[in-house]
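A quick write-up on the structure given underneath.
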Amino acid sequence: LGRAGFLEEARDFIKKMPINPNAIIWGSLLSSCRLHGNVWIGIEAAESRLVLEPGCTTTHLQLANLYASVGWWDEAARVRMLMKDKKLKTDPGYSWIEIRNEVCRFRADDNSNSK
């Protein structure tokens, strides 16, 4: 529902689930909110996920990116500062590429591989 843009329906579905939604479910809704630019449901999803995983770096990043995607730069900066204050660190993302039948792993800021 969320990826298709039915964010209110997705939120209502989650709230009516017969089991308590986990952090992954709230994170999926938060991701969909960023995709479709819905800040208010995104905030609700982030808050719900942070209740379950208070130190989740991913949730903080998703929320900051949601704010930035709609031009709420002060809010995005506030979340980033909160991450810094809580000493939450981001793990670098890795990419893989195959060159001449050899799989190479690298980061965006990695310049150690000459290939």
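Listed values, structure above:
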| read-out | value |
| --- | --- |
| Checking ASN20 against (1) of a type outside the set (A, V, I, L, M, F, W, C); (2) under 23 Å from LYS89 (Cβ atoms); (3) more than 9 Å from the chain's Cα centre (by Cα), the condition it does not meet | (2) |
| Selection from the stretch 4-21 of residues that are surrounded by 12 or more Cβ atoms within 10 Å (Cβ to Cβ), modelled with pLDDT of 95 or more and assigned to a loop (DSSP other than H, G, I, E, B) | PHE6, PRO21 |
| Residues of the stretch 35-65 satisfying the condition of being over 20 Å from ASN22 (Cβ atoms) and not β-branched (Val, Ile, Thr) | LEU35, HIS36, GLY37, ASN38, TRP40, ALA64, ASN65 |
| The stretch 40-87: number of residues that are within 15 Å of the chain's Cα centre (by Cα) and farther than 21 Å from LEU29 by Cβ | 1 |
| Answer residue from the stretch 80-115, given it is among the aliphatic types (A, V, I, L, M) and loosely packed, with under 10 Cβ neighbours inside 10 Å and is modelled with the lowest pLDDT among those | ALA108 |
| Only one of ILE41, ILE24 that is β-branched (Val, Ile, Thr) and crowded, with 18+ Cβ neighbours inside 10 Å | ILE41 |
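The values are calculated or read from the model by the stated rules, or taken from the named source; none is laboratory data. Predicted model, so just to flag it, every value in this text is computed and none were measured. Methodologically, a virtual Cβ is constructed for each residue, glycine included, from the backbone with ideal geometry; neighbour enumeration extends over all protein chains shown.
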